[in-house]
1. May I ask you to rank I14, I32, I65 by accessible area, largest first, using a 1.4 Å probe over the protein chains only?
2. Label I65 and E224 with points 7 Å out from Cα along Cα→Cβ: what is the distance between them in nm?
3. Choose one of G107, V189, L227: the residue whose Cα lies farthest towards the positive end of the charge dipole of the chain (beta-carbon charges +1 Lys, Arg; -1 Asp, Glu; about the Cα centre).
4. Roughly how large, in nm² to one decimal, is the mean projection of the convex hull of the alpha-carbon atoms in the chain?
5. May I ask you to give the solvent-accessible area per residue for the range 47-160, in square angstrom, as obtained with a 1.4 angstrom probe?
6. With all protein chains present, how much of the accessible area of the range 37-143 (probe radius 1.4 Å) comes from carbon and sulfur, to the nearest whole percent?
7. Leaving ligands, DNA and RNA out of it, report the carbon-plus-sulfur percent of the accessible area of the range 205-267 at a 1.4 Å probe.
8. Could you run the Debye sum over the Cα atoms of the range 136-279, one equal point scatterer each and no solvent, and tell me log10 of I(q)/I(0) at q = 0.15, 0.21 Å⁻¹, two decimals?
Amino acid sequence: MADAPRAFVVGHPIAQSRSPMLHGHWLRQMDIAGSYERLDIAPADFSSFIRGLHSAGWAGGNVTIPHKEAAFAAVERRDAAAEAIGAVNTLWFEGETLCGGNTDAYGFAAHMDATAPGWSDASQAVVLGAGGAARAILHTLVERRIPRIVLANRTPDRARDLAGRFGASILPVAWADLPQLMSGADLLVNTTSLGMKGQPTLDLDLDPLSDAATVSDIVYVPLETPLLEAARGRGLRTVDGLGMLLHQAVPGFERWFGRRPVVTQALREIIENDIRGKS
Ligand code: ATR
């Protein structure tokens, strides 16, 4: 009998990662003989870690901060999302070939589809932030052919860079011009860390948004950020950040362990309880 597949999440630090809880739940639920381990690898040791993956017998794993760009550079083959986003968060082998993908865009889209059907019929989106998470969101919005995407970031150059990378539907704008440019928008996505526990609040007047707008926040600690609370208060449809975390884990699990897991309410509650317990 083949050895039980072993997968990992690698980062530095890694103690905060909830991925072991997610994958461990699915392994137990489906009664799969396999393991998912947390590995703390410093940047200086990452390339030798990657070189040793195959001989160490790993089926693959997840990659998180600060290694996603190094993983992008290290793999031999990449999926289309990783190419577009410029970062790899999932590793697996095809034969002996190390492959890298990015499942963040998939995770965002799958959660939006599940909780806000029709969201991608939006005609005008506003995206806040221009970091790694913004790349995954922009990739999704461009793939879904949202015709106009206003992109605002504290550091305007980063927004301009992303507009150059993701194409003509992206309009990089100054943060100060947001009130006018949000007028009539039917989708707002926060990809910044504003509103996260311990960070400043995202202070934005939501009045200009369309009454039919969907507001999504990738921050999930707290589960209801001040932005989502304000959107709910204004009667808008809201989507929290936790579902993206849950859904982005699905494709990796299927690759390493051979069965496609399902994001259930029970799983969500396990992670929610953990977040509440620690925040
Ligand atoms: P991630 O990979 O999670 O997106 P990141 O690449 O560090 O992380 O990006 C964080 C995002 O939050 C950026 O858009 C950042 O704005 P800058 O590009 O100007 O740094 C934004 N951000 C973080 N703290 C912020 C703050 N206090 N005010 C405004 N934007 C902030």
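1. Numbers: I14 10, I32 35, I65 120 Å².
Ranked list, largest accessible area first: I65, I32, I14.
2. 2.6
3. The residue sitting farthest along the positive end of the dipole is G107.
4. On the way: hull surface 58.4 nm².
Projected over every direction and averaged, the Cα hull of the chain covers 14.6 nm².
5. Details: 4690 Å² over 114 residues.
That works out to 41 Å² for each residue.
6. Values: 2110 of 4150 Å².
That fraction is 51 percent.
7. Numbers: 1210 of 2530 Å².
Accessible surface attributable to carbon and sulfur in the range 205-267 totals 48 percent.
8. Taking Cα atoms of the range 136-279 as identical point scatterers yields -0.88, -1.38.
The values are calculated or read from the model by the stated rules, or taken from the named source; none is laboratory data. All values reported here derive from a predicted model rather than from experimental measurement. Note that we place each Cβ from the backbone using ideal geometry, even for glycine, and neighbour counts take in every protein chain shown. The area values use the complete protein model at the heavy-atom level, side chains included, leaving out ligands, DNA and RNA. Shrake-Rupley method; radii C 1.70, N 1.55, O 1.52, S 1.80 Å.
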